[in-house]
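Remarks on the structure that follows.
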Amino acid sequence: EAGVAQSPRYKIIEKRQSVAFWCNPISGHATLYWYQQILGQGPKLLIQFQNNGVVDDSQLPKDRFSAERLKGVDSTLKIQPAKLEDSAVYLCASSSYRGANYGYTFGSGTRLTVV
Amino acid sequence: GESVGLHLPTLSVQEGDNSIINCAYSNSASDYFIWYKQESGKGPQFIIDIRSNMDKRQGQRVTVLLNKTVKHLSLQIAATQPGDSAVYFCAETRLGNKLVFGAGTILRVKS
């Protein structure tokens, strides 16, 4: 099966600019996650969707970050305005419970550099 | 709060030796654990998982051990190869919700 697709792979922007990332999960996966991974750290959840509804956005900085999954398939994550500390890799993952495991699969991520 | 942590940030092993990467978790309600491998420029890649009703699971060259009494998870890699060099993360979840990751262990394989 095709993996989780993300674009762009890299993005460099100046602080206070806006940026958007796109994710297409594995077909049929109802749950979609956006994680932020700062260099040298493990990924941290920003937001979790179940179909087109938000399950958990408690760690999402809502004053500048937004995400949507309007049709319950692909998703976009937006940052506006960006800060220097937003420099990180933004990972999208999807999952679907099958048998004994949840089938979490990650995309390759978008590396954001804010200058 | 809940957290998943690793004891050793960097592990260097000789090619052909066995590697053991350790992880401590704090949420006793977690029921599913996963080990991931992450190479530079790539997303985390699934290695092996284990449910909380098990204490050991084996894959190809990898074994995961779970000790719920002390909330400890380990990944054993047999006959470590240069291609195993990467950052390894353990992650926990409850009921298939969000994954909570540790900080990672860098595995370096010396030829």
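The values are calculated or read from the model by the stated rules, or taken from the named source; none is laboratory data. A quick note: this is a predicted structure, and the numbers were derived from the prediction, not measured. Heads up, the Cβs are rebuilt from the backbone with ideal geometry, glycines too, and the neighbour counts pull from every protein chain shown. Side chains included, ligands, DNA and RNA excluded: accessible areas come from the protein's heavy atoms. Shrake-Rupley method; radii C 1.70, N 1.55, O 1.52, S 1.80 Å.
Amide H contacts under 5 Å for residue B:86: B:107, restricted to partners 5 or more places along the chain or on a different chain, H placed in the peptide plane at 1.01 Å from N. The dipole here belongs to the protein assembly as shown: it is taken about the Cα centre, uses +1 on the Cβ of Lys and Arg and -1 on the Cβ of Asp and Glu, and is about 200 debye. Pairs of Cα atoms nearer than 8 Å and 6+ residues apart set the relative contact order; for the range A:16-99 it is 42 percent. Relative contact order of the range B:37-91: 33 percent, from C-alpha pairs under 8 Å at least 6 residues apart in sequence.
Once the Kirkwood radius over Cα pairs is known for the range B:68-111, the Stokes-Einstein relation at 25 °C and 0.890 mPa s delivers a diffusion coefficient of 196 µm²/s.
Which pairs break 28 Å Cα to Cα here: A:44/A:78; A:44/B:68; A:71/B:37?
A:71/B:37
Sequentially through the range B:56-68, phi angles give Karplus couplings (6.51, -1.76, 1.60; θ = phi - 60°) of 7, 8, 10, x, 7, 6, 10, 9, 10, 10, 10, 10, 6 Hz, Gly and Pro residues having no value and appearing as x. Pairs exceeding a 30 Å alpha-carbon distance, out of A:83/B:98; B:56/B:110; A:11/A:62; A:11/B:56: A:11/B:56. Once R0 is set to 30 Å, what does the formula 1/(1 + (r/R0)^6) return for the Cβ-Cβ distance between residue B:106 and residue A:71, expressed as a FRET efficiency to the nearest 0.05? Given R0 = 30 Å and the Cβ-Cβ separation, E is 0.15. Straight Cα distances below 14 angstrom link residue B:71 to the aspartates and glutamates B:2, B:31, B:55, B:92, with same-chain residues fewer than 8 positions distant left out. Here the Debye sum runs over all C-alpha atoms of the range A:16-99 as equal scatterers in vacuum, and log10 of I(q)/I(0) at q = 0.13, 0.20, 0.25 Å⁻¹ comes out as -0.39, -0.89, -1.29. Phi angles across the range A:53-69 convert, under the Karplus curve 6.51 cos²θ - 1.76 cosθ + 1.60 with θ = phi - 60°, into 3J(HN,Hα) values of x, 7, 9, 8, 10, 5, 9, 8, x, 5, 6, 9, 9, 9, 8, 8, 8 Hz, Gly and Pro given as x. Reducing the range A:17-87 and the range B:68-84 to their Cα centroids gives an inter-centroid distance of 30 Å.
Leaving ligands and nucleic acids out of the surface, order B:108, B:51 by accessible area at 1.4 Å, largest first.
B:108, B:51
Shown here for the range A:1-74: GluC sites (Glu not before Pro) in loop regions (DSSP other than H, G, I, E, B) with at most 12 other Cβ atoms within 10 Å, namely A:1, A:14. Listed values for the range A:81-93 are Karplus-derived 3J(HN,Hα) couplings in whole Hz (6.51 cos²θ - 1.76 cosθ + 1.60, θ = phi - 60°), namely x, 7, 10, 4, 6, 7, 4, 5, 9, 9, 9, 10, 9, and x replaces Gly and Pro. Taking a ≥ b ≥ c as the square roots of the eigenvalues of the alpha carbon gyration tensor, chain B is prolate, as a/c is not under 1.5 and a/b beats b/c.
Distance between the pseudo-spin-label points of residue A:15 and residue A:30 (7 Å out from Cα toward the beta carbon): 4.3 nm.
Of the whole protein surface, residue B:98 contributes about 60 Å² of accessible area at a 1.4 Å probe radius.
If R0 is taken as 22 Å, the Cβ-Cβ distance between residue A:101 and residue B:52 corresponds to a FRET efficiency of 0.95.
Assuming 1.567 mPa s and 4 °C, estimate D for the protein assembly as shown with Stokes-Einstein, Rh taken as the Kirkwood radius over Cα pairs, in µm²/s.
Numbers: Rh = 18.1 Å.
For the chosen part, D equals 72 µm²/s.
How large is the convex hull of the C-alpha atoms of the range B:29-78 per residue, in Å³?
Details: hull volume 4.3 nm³, N = 50.
Value for the range B:29-78: 86 Å³ per residue.
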